[in-house]
Amino acid sequence: MEGAAGPGIGETIVAAFVEYPEALGFINGFARNQNLFQRNQRVKTLSVPLRFRYILRLEIAEVYRGTTWEDTCIAEIWPDYGEIATVDTDANMRRLLLYTADGRRVPGYADFAYVLTLLALSDNAEWAISQ
């Protein structure tokens, strides 16, 4: 939720990346359930008025009105670096290492307060399950 008075037009999100993504994915609205999704506003148009190296500023330009509240919600935003061909973990098993088919390493999940445990990795490295 953007938290500003009114629909949040002009409110911004600044995102910094290790590497410039091919695209951004996002889950629009308050996505917990259909009722909350409809009651809250969600983004109709998101502009990108600033691009500098690996930094993007995303600005809410237009919204779909909610039935109850004026808060504009975006549930998640993530960088899309293209199709992942190989998944592994680092030596400490604290970071997922993701690679594209051409061998380019892309940023992956890391949580230094929690140790990842690789539970399963498919033989062809198409999927991994970690805990």
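Of note:
- Filter result for the condition that a residue is out of contact with any helix residue (DSSP H, G or I) (no Cβ under 8 Å at 6 or more places or on another chain), among the charged types (D, E, K, R) and at pLDDT 85 or above, over GLU126, GLU62: GLU62
- The lone criterion from (1) hydroxyl-bearing (Ser, Thr, Tyr); (2) part of a strand (DSSP E or B); (3) within 30 Å of ASN124 (Cα to Cα) left unmet by THR45 is number (3).
- The number of residues in the stretch 48-98 that are among the acidic types (Asp, Glu) and either outside any loop (DSSP other than H, G, I, E, B) or touching a Cys at 6+ places or on another chain (Cβ under 7 Å) (or both) comes to 5.
- Within the stretch 57-90, the set of residues being among the polar types (S, T, N, Q) and either more than 18 Å from LEU24 (Cβ to Cβ) or out of contact with any strand residue (DSSP E or B) (no Cβ under 7 Å at 6 or more places or on another chain) (or both) comprises THR67, THR68, THR86, THR89.
- The set of residues from the stretch 67-93 being closer than 30 Å to GLN41 by Cα and in contact with an Asp or Glu (Cβ under 9 Å, 6 or more places away or on another chain) comprises ASP71, THR72, CYS73, ILE74, PRO79, ASP80, TYR81, GLY82.
- Extreme residue, farthest from the chain's Cα centre (by Cα), among residues of the stretch 1-60 that are within 29 Å of THR100 (Cβ to Cβ) and of a type in the set (Phe, Trp, Tyr): PHE52
Yes or no, residue by residue, for (1) without any contact (Cβ under 8 Å) to a residue 40 or more places away in the chain; (2) closer than 24 Å to PHE17 by Cβ:
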site	(1), (2)
ALA31	no, yes
VAL48	yes, yes
ILE55	no, yes
GLU70	no, no
ILE77	no, yes
LEU96	yes, yes
ALA101	yes, yes
VAL106	no, yes
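- Selected residue [aromatic (Phe, Trp, Tyr), at pLDDT 90 or above and surrounded by 12 or more Cβ atoms within 10 Å (Cβ to Cβ)] from PHE17, PHE37: PHE37
The values are calculated or read from the model by the stated rules, or taken from the named source; none is laboratory data. Just so you know, these numbers come straight off a predicted model, no measurement behind them. No Cβ is skipped: glycine too gets one built from the backbone with ideal geometry, and neighbour counts run over all protein chains shown.
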